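For reference, the structure discussed in these notes is given below.
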Amino acid sequence: MKDYIIADEWRIIENDFHAEYNEISESLFSIGNGHMGQRANFEESFSGKSLQGSYVGGVYYPDKTKVGWWKNGYPEYFAKVLNSVNWIGLEIFINGEELDLAKVKSIHSFSRELDMMNGILRRSFQCTLQNDCEIKVEARRFVSMDQEELGILTYTIYALNFTGELKVKSFLDADIANKDSNYDEKFWEEVSQDSDGRDMFVVTVTKRQNSMSQHFVIP
């Protein structure tokens, strides 16, 4: 384990923002319930190093093996667990500037904690944007053991030195990719989507398996 991680009996803790280790942290702080799992990606936009990942148990794709003659005997296909719909997406604009920790003027504090006793991922940070707006954010996320298809997040923003306009866009992203796929192939096809101002959903199906995966969120 990298020496920037603090560990105790039931928690994994990161007490500072290490952009160069972010993909490692996304793995270490992953959450799951046996039915679905998710890397510890940020909810808000992040243009730095990141590997988005949400997965559903039993949904896979037979990805054609890219091999040469020197690998005779390899299977024609590998079963690949698919990166599924990103259900935590938020786009946040503060007085017209999008929140992105890779682009802010300064980060004053940052904490990410995986509470393995209660199955909760917590993250908080305080930063100053390029427009000099200073904010504090507290986020919590978990996937339920009682209702295995339920994932919940809370995201709170505090304005510390200004008043102004806050815009928050919540979205489901079904146009996702698998980083290690052969030939940059997309594995999902969209069946339908809808939003009524309170609930929204997208239904997708794998191209070959016909394993349907429906995701919804209540903003």
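The values are calculated or read from the model by the stated rules, or taken from the named source; none is laboratory data. No experiment lies behind these values; they were computed from the predicted model shown. Positions of Cβ are generated from backbone atoms using ideal geometry, with glycine treated the same way; all protein chains shown enter the neighbour counts.
For residues that are buried (at least 19 other Cβ atoms within 10 Å of the Cβ) and part of a strand (DSSP E or B), scanning just region 63-115, find the one that is modelled with the lowest pLDDT.
So, considering only residues that are buried (at least 19 other Cβ atoms within 10 Å of the Cβ) and part of a strand (DSSP E or B), the one modelled with the lowest pLDDT is ASP63.
Return the residues of region 141-198 that are in a strand (DSSP E or B), over 30 Å from GLN130 (Cα atoms) and touching a Phe, Trp or Tyr at 6+ places or on another chain (Cβ under 7 Å); say none if nothing qualifies.
Answer for region 141-198, where residues must be in a strand (DSSP E or B), over 30 Å from GLN130 (Cα atoms) and touching a Phe, Trp or Tyr at 6+ places or on another chain (Cβ under 7 Å): GLY151, ILE152, GLN193, ASP194.
For region 7-18, indicate whether the set of residues that are buried (at least 19 other Cβ atoms within 10 Å of the Cβ) and among the charged types (D, E, K, R) is non-empty.
Yes - at least one qualifying residue is present in region 7-18.
Residues to consider are ASP180, ASP184, ASP146, ASP196; find the one that is at negative phi, among the charged types (D, E, K, R), out of contact with any strand residue (DSSP E or B) (no Cβ under 9 Å at 6 or more places or on another chain) and at pLDDT below 85.
Testing whether each residue is at negative phi, among the charged types (D, E, K, R), out of contact with any strand residue (DSSP E or B) (no Cβ under 9 Å at 6 or more places or on another chain) and at pLDDT below 85 leaves just ASP196.
Could you tell me whether PHE125 is touching a Lys or Arg at 6+ places or on another chain (Cβ under 6 Å), surrounded by 14 or more Cβ atoms within 10 Å (Cβ to Cβ) and not small (Gly, Ala, Ser)?
For PHE125, the condition - touching a Lys or Arg at 6+ places or on another chain (Cβ under 6 Å), surrounded by 14 or more Cβ atoms within 10 Å (Cβ to Cβ) and not small (Gly, Ala, Ser) - is not met.
Taking only pairs six or more apart or across chains, which ones have beta-carbon atoms under 8 Å, a first residue in region 150-168 that is of a type in the set (Asp, Glu), and a second residue that is surrounded by fewer than 14 Cβ atoms within 10 Å (Cβ to Cβ)?
Pairs that qualify, where the first residue is of a type in the set (Asp, Glu) and the partner is surrounded by fewer than 14 Cβ atoms within 10 Å (Cβ to Cβ), are GLU165/GLY96.
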